[in-house]
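The values are calculated or read from the model by the stated rules, or taken from the named source; none is laboratory data. If you're wondering where the values come from, they're calculated on a predicted model, not measured in any experiment. All Cβ positions, even for glycine, are placed from backbone atoms using ideal geometry, and neighbour counts span all protein chains on display. Surface areas here come from the heavy atoms of the whole protein model, side chains and all, with no ligands, DNA or RNA. Shrake-Rupley method; radii C 1.70, N 1.55, O 1.52, S 1.80 Å.
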Amino acid sequence: MARPPSPLPSVDALLQAPESYVLLQRFGRTAVTAALRSVLADRRSAREFGAAAGDLIDEAANRLAARFARSQRPVFNLTGTVLHTNLGRAPLPPEAGEAAAAALQSATSLEFDLDTGRRGERDDHVAPLLCELTGAEAATVVNNNAAAVMLALNTIALGKQVIVSRGELIEIGGAFRVPDIIARSGAVLREVGTTNRTHASDYRDAIGAETGALLRVHQANYAISGFTAAVPTPDLAAIAHDARLPLVEDLGSGSLVDLERWGLPHEPTPRESLDAGADLVTFSGDKLLGGPQVGLIVGNKTWITAVNRNPLKRALRVDKGRLAALEAVLRLYQMPETLADRLPALRLLTRPEADINATAQRVAAVLATIWPDRPVRVEPCRSQIGSGALPIDLLPSAAVTIGGADLEGLAAWLRRLPRPVVGRIAHARLFLDCRCLEAADEASFIAQFR
Ligand SMILES: *Cc1c(COP(=O)(O)O)cnc(C)c1O
């Protein structure tokens, strides 16, 4: 006669078992009870009786670990795209991360003037720095550059036409499309010119009583070459100002410094746009600037005041953590000599190829011992700046490349490491571009494989 199955232990018995003690300390009674219940329920429905209490508690521990695991986690970005939008764009310097953490965990002088004891403005922590670094009269900060464009146009051209060249009606990855943003800003798009050529007369002929502004959009993520014509910004500003209209320029990435100083391709700066006569210039904080996700609007004081009075500004404003991080990053720009060392985005973009290659050699040596059956080697490759910046300029770099079967499976395994590793598959190999694996992280990267 078959022995009747021994019944499963009760939840109470499991909670009192010594093995549950650490779980209770860490996760609390509610969560541990729920996990034990779900383990017991699964055993019962699978008709598996007679499990040892220790095994049931171990399984509950696994479920608790999975349930409480952080969803957003630091990863190793070995994709070769430095400012990778899906991987959070620019990594912040430690002083910015610390400033953000301190601000988020405490009361701060966010909108409080410590000299007078009266109410202050949150933008005052960064606006003077932005003016100093761009030469602007005034500056303001919002959630991101998409918000900056929308707020600027809503302030200037609500219900009016915004004139844009057809060569600049671009889409940035995700959901930023210039025509859609203009429509949502409450302005009316007035396209002029053609995809490849737009002339001064196209703008002049389109200006009328309905016009609210001229808009220039930096062709961030593509280039038109061949038979092309565009109106230089100083000329466009003159056309706008002759008609008493403002010129708004969306620079996209924008860079606060001339990147050619570090051997990188030229990227237009807000200072250049303002010098050329643009009235408001918008750009992102987390692209080439190397800071947190924000959108910056700099330019004419009257227009910035109007932007700040717009009720939408309140809806698009930035929290104290990001403002603290932005302030710390902008302070690094006040010391340009050390910028390329201290600002991670710039440090990664200017990292010498020989240095990247040396990292790749060390990593390849370790991976070759872990996967003796796979071909592992170091190959030259090209990194991208990312975030739509400088699309045609690729930076010489070095990658560890891994061949063999089931590269998708290998990539998935790398993504399940404690600090996930994200590479890219190309030419039947998995590429791990080592540009963004800096010396300080190399030991912890390699330790994950041991
Ligand atoms: C990236 C980009 C945007 C959007 O900026 P976000 O900060 O991502 O909102 C807008 N315009 C241009 C030209 C860009 O390159």
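Take residues that are surrounded by fewer than 15 Cβ atoms within 10 Å (Cβ to Cβ) and free of Cβ contacts under 8 Å to residues at least 12 places away in the same chain and tell me which of the helices (runs of 4 or more DSSP H) falling wholly in the stretch 259-371 contain 1 or more.
Details: elements: 270-275, 301-309, 311-316, 320-333, 336-342, 344-349, 353-370.
Where helices (runs of 4 or more DSSP H) fall fully within the stretch 259-371 and carry at least 1 residues being surrounded by fewer than 15 Cβ atoms within 10 Å (Cβ to Cβ) and free of Cβ contacts under 8 Å to residues at least 12 places away in the same chain, they are 301-309, 311-316, 336-342, 353-370.
Pairs are defined by a Cβ separation below 9 Å, a sequence spacing of at least 6 or placement on different chains, a first member in the stretch 169-180 that is at pLDDT 85 or above, and a second member that is open to solvent by 50 Å² or more (accessible area, probe 1.4 Å) and part of a helix (DSSP H, G or I); the pairs so defined are 171/180.
Every condition in (1) closer than 25 Å to residue 327 by Cα; (2) in contact (Cβ under 8 Å) with a residue 60 or more places away in the chain; (3) outside any helix (DSSP H, G or I) is met by residue 95 except one, and the failing one is (3).
Quick check: is even one residue across the stretch 428-442 closer than 18 Å to residue 386 by Cα and surrounded by fewer than 16 Cβ atoms within 10 Å (Cβ to Cβ)? No, there is no match, as no residue in the stretch 428-442 is closer than 18 Å to residue 386 by Cα and surrounded by fewer than 16 Cβ atoms within 10 Å (Cβ to Cβ). Look at the stretch 209-234: where a residue is within 14 Å of residue 190 (Cβ to Cβ) and among the hydroxyl-bearing types (Ser, Thr, Tyr) and a partner is more than 15 Å from the ligand (Cβ to nearest atom) and not in a loop (DSSP other than H, G, I, E, B), sitting 6+ places away or on another chain with Cβ atoms under 6 Å, you get 211/161. Mind listing just one residue for me: the one in the stretch 133-175 that is within 26 Å of residue 193 (Cβ to Cβ) and of a type in the set (Ser, Thr, Tyr) and, of those, most open to solvent (accessible area, probe 1.4 Å)? Here the residue is 155. You will find that of 315, 276, the residue that is in the same structural domain as residue 249 (by TED's automatic domain parsing) and away from the ligand (no atom under 16 Å from the Cβ) is 276 and no other.
Of the strands (runs of 3 or more DSSP E) contained entirely in the stretch 160-228, those carrying at least 3 residues that are in contact with a strand residue (DSSP E or B) (Cβ under 9 Å, 6 or more places away or on another chain) and within 16 Å of the ligand (Cβ to nearest atom) fall at 161-165, 211-217. Residues in the stretch 63-86 that are surrounded by 12 or more Cβ atoms within 10 Å (Cβ to Cβ), away from the ligand (no atom under 16 Å from the Cβ) and either of a type outside the set (A, V, I, L, M) or in a loop (DSSP other than H, G, I, E, B) (or both): 9 in all.
Would you call residue 251 within 15 Å of the ligand (Cβ to nearest atom), touching a Gly at 6+ places or on another chain (Cβ under 8 Å) and not β-branched (Val, Ile, Thr)?
Numbers: within 15 Å of the ligand (Cβ to nearest atom): yes; touching a Gly at 6+ places or on another chain (Cβ under 8 Å): no; not β-branched (Val, Ile, Thr): yes.
So residue 251 does not fit the description; no.
Would you pick out the residues in the stretch 18-34 that are of a type in the set (D, E, K, R) and under 13 Å from residue 56 (Cα atoms)? I'd like the intermediate steps shown before the answer.
Start the filter on the stretch 18-34 by keeping residues that are of a type in the set (D, E, K, R), which leaves 19, 26, 29.
Across the stretch 18-34, the qualifying residue is only 19.
With respect to (1) within 16 Å of the ligand (Cβ to nearest atom); (2) under 23 Å from residue 103 (Cα atoms), the lone exception for residue 344 is condition (1).
Considering only residues of the stretch 408-427 that are of a type in the set (Gly, Ala, Ser) and outside any helix (DSSP H, G or I), which is surrounded by the most Cβ atoms within 10 Å (Cβ to Cβ)? Taking the candidates together, the pick is 423.
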